[in-house]
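> Sharing a structure with you now.
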There are 4 protein chains.
Amino acid sequence: MKIAILGTGFISRFYVESLVAQRRKDEVTMVYGRDEAKAKKFAADYNIPNISTNLQEAASHKDVDVAVIGLANDVHLDAVLACARAKKHVITTKPLGRNAKEALQMLQAVEKAGIVGGYLEDLCYTPKFLKSLAAIKSGSIGEVIWAKSRETHPGPHSDWFWDKNRAGGGAIIDLGCHCVEIARNFIGKNIRPVEVMCWADTRMHPIDAEDNAIGLVKYANGAIGQFEVSWSFRGGMDLRDEVMGTEGTIWVNNFLRTGIEMFTSGKTTSYVAEKAESTSGWLFPVGDEVHELGYNNMFSDMFDAIEKNKQPAETFYDGYIVNAILDAAYASAKSKKWEPVIIEDWRGLKEVKQKHEYADYDNNYYLIKEEILPSGEKKTIVKHKQTGSIEKR
Amino acid sequence: MKIAILGTGFISRFYVESLVAQRRKDEVTMVYGRDEAKAKKFAADYNIPNISTNLQEAASHKDVDVAVIGLANDVHLDAVLACARAKKHVITTKPLGRNAKEALQMLQAVEKAGIVGGYLEDLCYTPKFLKSLAAIKSGSIGEVIWAKSRETHPGPHSDWFWDKNRAGGGAIIDLGCHCVEIARNFIGKNIRPVEVMCWADTRMHPIDAEDNAIGLVKYANGAIGQFEVSWSFRGGMDLRDEVMGTEGTIWVNNFLRTGIEMFTSGKTTSYVAEKAESTSGWLFPVGDEVHELGYNNMFSDMFDAIEKNKQPAETFYDGYIVNAILDAAYASAKSKKWEPVIIEDWRGLKEVKQKHEYADYDNNYYLIKEEILPSGEKKTIVKHKQTGSIEKR
Amino acid sequence: MKIAILGTGFISRFYVESLVAQRRKDEVTMVYGRDEAKAKKFAADYNIPNISTNLQEAASHKDVDVAVIGLANDVHLDAVLACARAKKHVITTKPLGRNAKEALQMLQAVEKAGIVGGYLEDLCYTPKFLKSLAAIKSGSIGEVIWAKSRETHPGPHSDWFWDKNRAGGGAIIDLGCHCVEIARNFIGKNIRPVEVMCWADTRMHPIDAEDNAIGLVKYANGAIGQFEVSWSFRGGMDLRDEVMGTEGTIWVNNFLRTGIEMFTSGKTTSYVAEKAESTSGWLFPVGDEVHELGYNNMFSDMFDAIEKNKQPAETFYDGYIVNAILDAAYASAKSKKWEPVIIEDWRGLKEVKQKHEYADYDNNYYLIKEEILPSGEKKTIVKHKQTGSIEKR
Amino acid sequence: MKIAILGTGFISRFYVESLVAQRRKDEVTMVYGRDEAKAKKFAADYNIPNISTNLQEAASHKDVDVAVIGLANDVHLDAVLACARAKKHVITTKPLGRNAKEALQMLQAVEKAGIVGGYLEDLCYTPKFLKSLAAIKSGSIGEVIWAKSRETHPGPHSDWFWDKNRAGGGAIIDLGCHCVEIARNFIGKNIRPVEVMCWADTRMHPIDAEDNAIGLVKYANGAIGQFEVSWSFRGGMDLRDEVMGTEGTIWVNNFLRTGIEMFTSGKTTSYVAEKAESTSGWLFPVGDEVHELGYNNMFSDMFDAIEKNKQPAETFYDGYIVNAILDAAYASAKSKKWEPVIIEDWRGLKEVKQKHEYADYDNNYYLIKEEILPSGEKKTIVKHKQTGSIEKR
């Protein structure tokens, strides 16, 4: 696959490092950057034959099969439209748009152009996420009733993130988009997100956007997707997911506690990990950051999909749904009540009901709970089906 | 201290085991139980000289200095009033009342009688909680902006917990009371809780009360106290607290991961830990459950306070505040919006403002963020104080 | 119980803090210190009515039931003999002697005097140790075939530890004594320790004693007790035990990872934990250090034993066995081969054979292994009882 | 790179799964197996165009650039000689030989043939190992004085492992080879391993080879490499490394605790992880097993080296050194004393001395230790350079 990288910032560098790792057969043939000097340096660093400072030109270049958008949120739409015009497949960094309206335009553009629109939601491709999702799909933890995803760190790298207009918001749009899509995958992508309750506040930084937020997304089957995001967390990057199912539990720690623990008295000051806060004392590096953050699996899936003429696991449609949920989150943070998720083109299940299948104790009673006490005694609590009386057996 | 135990159930047994541990000088002189046979067995098990099936008689017995209430929620009020009439100090298992109205009656009764009313919030006495609280009070993590407490397990032991009328609710009143008071301690007890947003649902059990809930408590200084509670968690008892401060982070795991990891092929089936779900495979027992859950420190503080004629760390007033917050949580779960916390007799700070002290970059700019990138390059993001323009340095 | 504390250093302070915790009924009535000023300060800090600078006088005081020795290793023998003369029960900090010869003298002295000689091996009283030992004794992990105990930190507090003559050695005598007795408990106290292999070296400090060592103790039933000790470990105090049994595994972490994780930017510099190395970054404090290190359970057991006229769990005899094992370790470090453990008065099992009970696959074959492969396929490996041929089924 | 896989068993399948992952440009063009049916199935499963049941034929095939040996230990030598005759690069699964004599023959054969001989020591390519090694090489933990590697699990998959003659030994040759090379990397490959002390025993299985062993490898600079291996560990596969340096500590957990924790009530029985022992209760799966175990990095390094005409990180020479160390371990297990490591062709540093650089306190004293006590007091312990007297300051 011949790839154009649109963008020369932090995320584009992460992308290219993934694309050249492990003897991949794909090659980056073009880099676009508004700033020619930066584009030249980027091309030199990664041995890229072509550069351009013109978006349409970059996307239309003959040696490009697919464009990877690593630009600021406010230029995603323009870049996608350029690719659609050029009929080149396009895969875009998250979030898809600054809001659902932009996202819907992008979705419609790629569908009309007949190209693949891949949504680069890397945290839905981490090895731990994929293993967890497989376990859930195989039924290992029963029905998911609550899925939480948390991403908190001391704040993003690039200046435009901190500008509410360019980014489309603050920590919610930057980090919440990951959390929402992770929970949505665990709960089931064909279950409709119905309404959102969200708290957001600007606690630590001199900015207009929120730097801390917590949200609850209610799904049609009663499941709750929870997100916790912060740009003022101290101690590194906290990337954790927790899932409660009727038959089990999954806890995932993607970054701060992955099995390397290092203490150093601090005689050196080398790079430890993305968003680490210190270089001495106890540190928790990640073995292969690029892989643990999902980039390798993500690009493999994207390019395999394009070659095989099918959809990748994360598409522009998913990006649109995420934006619709985040729009509701912003509305709720303002209105201080649950707000509906407005989706113009729902493609999942139309009707889902919350299940209520209770275990029978006998013909007359439901079983509430059985337990072995420290004494070894077994305790059973039941409820009469008609009278509702709660009793011990 | 001569102690009457009012109640003969699971929690009363935990209490007495703490009271006789480690060569304590206190002694249990009386046990009250409605069911004479159970009271007799309890007295025999723990070598208690007196039993009674009459609440007032038990509280008034000459060999009793203080009564410990380990009864169901619906009889807390009666039991406290009996102690107040007898002018005996009384310490009560959590929650204080089924609602703020009951709690206020109890608070007023003990204050009028001039006795100590201790609130047995054991999770505010665990060794880890006390260490964390001391660290926070010493300023180690700066100002607390978010404090989460989570208690989830497969459901309580006694039948009355599952009966909404007797308990005053479900998982919120049973577990949320712990979480709310933990977060309130971390944020500061003299900061007024202002409003609550709460989701609650009955997902797994044939009961009227909620078995899962998440709530956000907003404090006057902008801090958020979060609770996550469940009676359908699989895998044991999950007791975790997380605190984000402006200068640091605290994560506490009280139960499922405390430093013992045991794998067993399952040839034996002995008791592992409170609310453990299995007796083979990987297990995570707790060294000294009674101590880790705070009982020893709690009773030491209560009796020391009584002897020294001062208030313990957790009082009936705290119990009342918790009930007031939980009342707002139940109201919010129903109204689907933030609900105010109604406190009749606020004794903390009257006015607190959310702080906004930004770091200066220079005279014209605020500092948003400084960071060392993987390349070793230092990146600084600033905001113009007048124009609001966000720039990179 | 009326207690004389012999010693005024770090360990004596730890002891007294345990003795006054949690409303204990015991009281410290005497403190002995060679240095009168330090003894006075100690008495003032802990409200102790009597002081003495004369060992025999302190031990013989009428208001003393039991003496607690918290002195340097080279005065244990004198102090024990003083107590034996005074016919006062005596409990001694670890190690019992600087070598088995001293230990044997102390053992014989208390037995002749008819007093209790308690061995203050606190790490055999930690809540986690007791839970683990109970699990092992109940058969949860089958027969123990390997028990490792590790104690490493950046070196002891008091100057005499670093003096080979006064201490009787270095890290082996200081830390190895804990590890040896922990493993011995797990393997079984009545199983005879047979021989020892030990590596020891002075790697980091300008001292004559070893500051790093690893040893293997072979028991009569084939089990191995392993110790790893260091006075040059960086990162705090690492106190871990690992046990492999035929039916299971136990991993215990007593100190550095017990369920509190704290990050602090370092604006304060308060005390974190015993032997912690830093006061900023990620820190891992322990909730209740004194309790987690076993002091409370240890003193409760010692005084209960004395009151009930029976032996505590850890006695001078245990201290003697530990010294005998450590003598063999020092011999092996020198001779570079396995050295026998010389015990004058073995009181455990006389004959134990290493078990070899193999599982039958059928009449002709032993079962070596059964396994489910990723493919779902079941693999069975067997060995012919006569020919020894290893085959797949 | 065009690859021949020699072997069709468990490890060969792991290899091929790594070779086809993440859009690699390499391709497997040949598979050799003694059993034609298995070779055919293998070729069909992975879409391999050529099969052969003749080793020399497979190695010599025109569409083969490099042969990957995934065969039993007793045929490594034959297979390597076949590749040498065919002048095809060869990379071999660990251990290189059953002993140093075999390994040396292989080393000489590839060097004479002028081909690359790569040693497939995957655990020296895990992401965590590489990160740790980089940290050590950058000086983060100072000089390494002790490096332990532990590999324990319930025993290998294939029948030939259990046959002492075919495998060349038991758990030492199977697992110890990993541990020895891991520690050797951390300590420094150019530091000569001098002598070995080893305990080995057959505790659990009806076999002639050892199923449990512990060894210490002493290096010329005084550093100790320790290995702990077992075929009778219960609870999964325990792959941990621990390194103590003069300035820091590294702990790596490659398998059982990597950041996924899953509880399942056991309604499904899908594959969890290599050598997991149960499919219900608390499980600890690994995100991307093949990557976490180092296969991807290993093959990338091997093929990059071949293409660039240089040596990979792990070569036949390393395999030879490992075999020489393991030979000494077996000798020591028998002689019960330290045994020298016999190396015919040492290519590292000839002379290394154990460093002894002590910190000065002042002109007359060395500094032994400085510490902040709980009281806040600072304690300094020093040693007189001439008299050796140890004093407190």
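> Taking A:Asn323 as meeting all but one of (1) modelled with pLDDT of 95 or more; (2) closer than 30 Å to A:Lys2 by Cβ; (3) open to solvent by 40 Å² or more (accessible area, probe 1.4 Å), write down the number of the exception.
(3)
> Considering every residue within region B:282-299, establish whether at least one is facing another protein chain (nearest Cβ under 10 Å) and farther than 30 Å from A:Glu377 by Cα.
no
> On to the next question. Name the single residue, out of those in region D:361-379 being modelled with pLDDT under 90 and within 17 Å of C:Ser232 (Cβ to Cβ), that is most open to solvent (accessible area, probe 1.4 Å).
It comes out as D:Glu370.
> So, restricting to strands (runs of 3 or more DSSP E) that lie completely within region C:116-232, which ones have at least 1 residues that are surrounded by 23 or more Cβ atoms within 10 Å (Cβ to Cβ), of a type outside the set (Gly, Ala, Ser) and free of Cβ contacts under 8 Å to residues at least 24 places away in the same chain?
C:212-219
> Being farther than 13 Å from B:Tyr320 by Cα and aromatic (Phe, Trp, Tyr) is the requirement here; does B:Tyr125 meet it?
Against the criterion (farther than 13 Å from B:Tyr320 by Cα and aromatic (Phe, Trp, Tyr)), B:Tyr125 qualifies.
> Mind checking whether some residue in region C:85-103 is in contact with a Lys or Arg (Cβ under 8 Å, 6 or more places away or on another chain), under 21 Å from C:Asp327 (Cβ atoms), hydroxyl-bearing (Ser, Thr, Tyr) and touching a residue at least 40 places away in the same chain (Cβ under 8 Å)?
Among the residues of region C:85-103, not one is in contact with a Lys or Arg (Cβ under 8 Å, 6 or more places away or on another chain), under 21 Å from C:Asp327 (Cβ atoms), hydroxyl-bearing (Ser, Thr, Tyr) and touching a residue at least 40 places away in the same chain (Cβ under 8 Å), which makes the answer no.
> So which of D:Val66, D:Val28, D:Val90, D:Val75 is within 30 Å of D:Trp346 (Cα to Cα), within 14 Å of chain A (Cβ to nearest Cβ) and surrounded by 17 or more Cβ atoms within 10 Å (Cβ to Cβ)?
Going through D:Val66, D:Val28, D:Val90, D:Val75 in turn, just one is within 30 Å of D:Trp346 (Cα to Cα), within 14 Å of chain A (Cβ to nearest Cβ) and surrounded by 17 or more Cβ atoms within 10 Å (Cβ to Cβ): D:Val66.
> So, one more: What are the residues in region C:201-226 that are closer than 30 Å to D:Glu210 by Cβ and more than 8 Å from chain D (Cβ to nearest Cβ), if any?
Listed by number, the residues that qualify are C:Glu210, C:Ala213, C:Gly215, C:Val217, C:Tyr219, C:Ala220, C:Asn221, C:Ala223, C:Gly225.
> Something else now. When region B:332-360 is examined, which residues are found to be open to solvent by less than 80 Å² (accessible area, probe 1.4 Å) and charged (D, E, K, R)?
Of everything in region B:332-360, those that are open to solvent by less than 80 Å² (accessible area, probe 1.4 Å) and charged (D, E, K, R) turn out to be B:Lys336, B:Glu339, B:Asp345.
> Residue by residue through region B:235-251, note down the ones that are surrounded by fewer than 23 Cβ atoms within 10 Å (Cβ to Cβ) and within 14 Å of chain D (Cβ to nearest Cβ).
B:Met237, B:Arg240
> Please go through region D:94-109 and give me each residue that is in contact with a helix residue (DSSP H, G or I) (Cβ under 8 Å, 6 or more places away or on another chain) and open to solvent by 10 Å² or more (accessible area, probe 1.4 Å), ordered by number.
D:Lys94, D:Arg98, D:Asn99, D:Ala100, D:Glu102, D:Leu104, D:Gln105, D:Ala109
> Further, regarding this structure: When you check B:Lys112 against the structure, is it part of a helix (DSSP H, G or I) and modelled with pLDDT under 95, yes or no?
no
For every residue, the table says whether it meets (1) out of contact with any Asp or Glu (no Cβ under 9 Å at 6 or more places or on another chain); (2) farther than 22 Å from A:Thr152 by Cα; (3) open to solvent by 20 Å² or more (accessible area, probe 1.4 Å); (4) more than 14 Å from chain D (Cβ to nearest Cβ).
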position: A:Thr279; (1), (2), (3), (4): yes, no, yes, no
position: A:Phe303; (1), (2), (3), (4): no, yes, no, no
position: A:Glu307; (1), (2), (3), (4): yes, yes, yes, no
position: A:Gln311; (1), (2), (3), (4): yes, yes, yes, yes
position: A:Glu314; (1), (2), (3), (4): no, yes, no, yes
position: A:Asp327; (1), (2), (3), (4): no, no, yes, yes
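> Follow-up question, since we're still on this one. Please specify each residue of region C:3-24 satisfying the condition of being open to solvent by less than 10 Å² (accessible area, probe 1.4 Å) and touching a residue at least 40 places away in the same chain (Cβ under 8 Å).
Residues satisfying the conditions are C:Ile3, C:Ala4, C:Ile5, C:Leu6, C:Gly7, C:Ser12, C:Tyr15, C:Ser18, C:Leu19.
The values are calculated or read from the model by the stated rules, or taken from the named source; none is laboratory data. Quick caveat, the model's predicted, so the values are computed rather than measured. So basically every Cβ, Gly included, is an ideal-geometry build from the backbone, and we count neighbours across all protein chains shown. All accessible areas refer to the heavy atoms of the entire protein, side chains included, with ligands and DNA or RNA removed. Shrake-Rupley method; radii C 1.70, N 1.55, O 1.52, S 1.80 Å.
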